[in-house]
Amino acid sequence: MKKILMFLILFIPFKIFAISSSAYIVMDMDSGRVLEGSNIDKQYLIASTTKILTAITAIKYGNLEDVVTINNDVLDSFGSGIYVNVGEKLLLDDLLYGLMLRSGNDAALAIASHVGGSVDNFVFLMNEEKSFIGMKNSIFVNPSGLEDKNGNGNMSTVYDMALLMRYAMKDDDFRRITGTKEIVVKSDIKTYKWINKNKLLHSYKYCTGGKTGYTKKAKRTLVTAASKDGMNLIVVTFNDGNDFLDHEKLYDKYFNSYEVKKVIDKDKVYKEDTKVIDDFNIVVNDKDEVKLEIDYDGANDSLNGSIVGKVKVLLNGEEIGFRYLYYDKEEYVKKSFIKRLLELLNIWLILYGLY
């Protein structure tokens, strides 16, 4: 009988989901909360996911309507490319499509040279940008993600790359480009048709963008974003041979068992006519306990538009974010008007000896 039971147990189809990457993370894009992950602060080579930072740096410091003349810097390119020619002219905006959809290393060099004045200057801007974003464990030495002959290249963590994607996805132009499945682009001499290498964008209807990466040393790297019913998530995996499927399963896990909850409302008056500027939404499940804690410094009429405290969000007893409290301008104007009338009435009463 025991042998029969053992045989049955061995053949019961258990549903087991394991991530095959060396490091991974799932982040709530709105709050920045880490939902789950492994080795989230360990540095790895990141290959062409680098190009997310290249793109957002070019968008910030460049003019997308600029006509870029391809110079000799592209001759140093190898690996994946869009195969532009020296002297060819394209819009910067179009080069960014080649960068993000086709992972063009030649596009990366052309963009860097044009926006930064030189590739080295652009890399300096990239590192300034990553510091601004808060990517504390990242090092960037080029705009493409390729390693040099000694195997050295751009290093980052899945946490930092999730921060980068969260930051980049706030930009309208970046979202437009990374979310494009295919596009036809014309230069002064050629016509290109590019299909996005991010397979998740084609196969998973909730995917909103991302960037693939691969080198022999870094293996497969992938950063993606997805949205469903107001829930916006980011997944990053390093050294994952099954990355597209892993991303899809992680998204489904949270889309199917979690929900978005608005915990701070910008339209609500919290204390003494104070409000916040932005809502605060978080991803929670039935077991999560959310509480608000208000720190209030004591607003008065002279503090119109000033910070007078903050509303802290506590999830399962731990602070995960906050919104500053501001004295509400509309209420201030109403009260100021009434106050001025009372002051005029008081002066009138004093002048006529009635006070």
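The values are calculated or read from the model by the stated rules, or taken from the named source; none is laboratory data. Only a predicted model underlies this, so the values are computations on that prediction, with no experimental measurement involved. Note: ideal-geometry Cβ built from the backbone for every residue, glycine included; neighbour counts use all protein chains shown.
Of the candidates I82, I25, the single residue that is at pLDDT 95 or above, farther than 30 Å from G321 by Cα and either in contact with a strand residue (DSSP E or B) (Cβ under 7 Å, 6 or more places away or on another chain) or assigned to a helix (DSSP H, G or I) (or both) is I82. Exactly one residue out of Y296, Y251 is surrounded by 14 or more Cβ atoms within 10 Å (Cβ to Cβ) and in the same structural domain as I234 (by TED's automatic domain parsing), and it is Y251.
Residues of the stretch 125-137 being touching a residue at least 60 places away in the same chain (Cβ under 8 Å) and buried (at least 17 other Cβ atoms within 10 Å of the Cβ), which ones?
Those that are touching a residue at least 60 places away in the same chain (Cβ under 8 Å) and buried (at least 17 other Cβ atoms within 10 Å of the Cβ): L125, M126, E129, K130.
Residues that are in a strand (DSSP E or B) and charged (D, E, K, R) were ranked within the stretch 253-285; the one that is farthest from Y296 (Cα to Cα) is E259. Here N256 fits the description: under 20 Å from G230 (Cβ atoms), loosely packed, with under 15 Cβ neighbours inside 10 Å and modelled with pLDDT of 95 or more.
Across the stretch 100-124, which residue is nearest to the chain's Cα centre (by Cα) among those that are in a loop (DSSP other than H, G, I, E, B) and without any contact (Cβ under 8 Å) to a residue 40 or more places away in the chain? Among residues in the stretch 100-124 that are in a loop (DSSP other than H, G, I, E, B) and without any contact (Cβ under 8 Å) to a residue 40 or more places away in the chain, the one nearest to the chain's Cα centre (by Cα) is G104.
Filter the stretch 65-120 for residues that are more than 22 Å from K216 (Cβ to Cβ), buried (at least 18 other Cβ atoms within 10 Å of the Cβ) and polar (S, T, N, Q) and give the result. Correct list: S113 only.
Residue by residue, here is whether (1) assigned by TED's automatic domain parsing to the domain that holds S227; (2) more than 18 Å from the chain's Cα centre (by Cα); (3) crowded, with 19+ Cβ neighbours inside 10 Å holds:
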position: M169; (1), (2), (3): yes, no, yes
position: D173; (1), (2), (3): yes, no, no
position: T178; (1), (2), (3): yes, no, yes
position: V184; (1), (2), (3): yes, yes, no
position: K190; (1), (2), (3): yes, yes, no
position: L200; (1), (2), (3): yes, no, yes
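Would you confirm, using the coordinates I've provided, whether N232 is closer than 16 Å to V26 by Cβ and modelled with pLDDT of 95 or more? Steps first, answer last, please.
Values: closer than 16 Å to V26 by Cβ: yes; modelled with pLDDT of 95 or more: yes.
Considered against the rule, which asks whether it is closer than 16 Å to V26 by Cβ and modelled with pLDDT of 95 or more, N232 comes out as yes.
Restricting the stretch 41-64 to residues that are more than 17 Å from A218 (Cβ to Cβ) and of a type outside the set (G, A, S), the residue that is nearest to the chain's Cα centre (by Cα) is I56.
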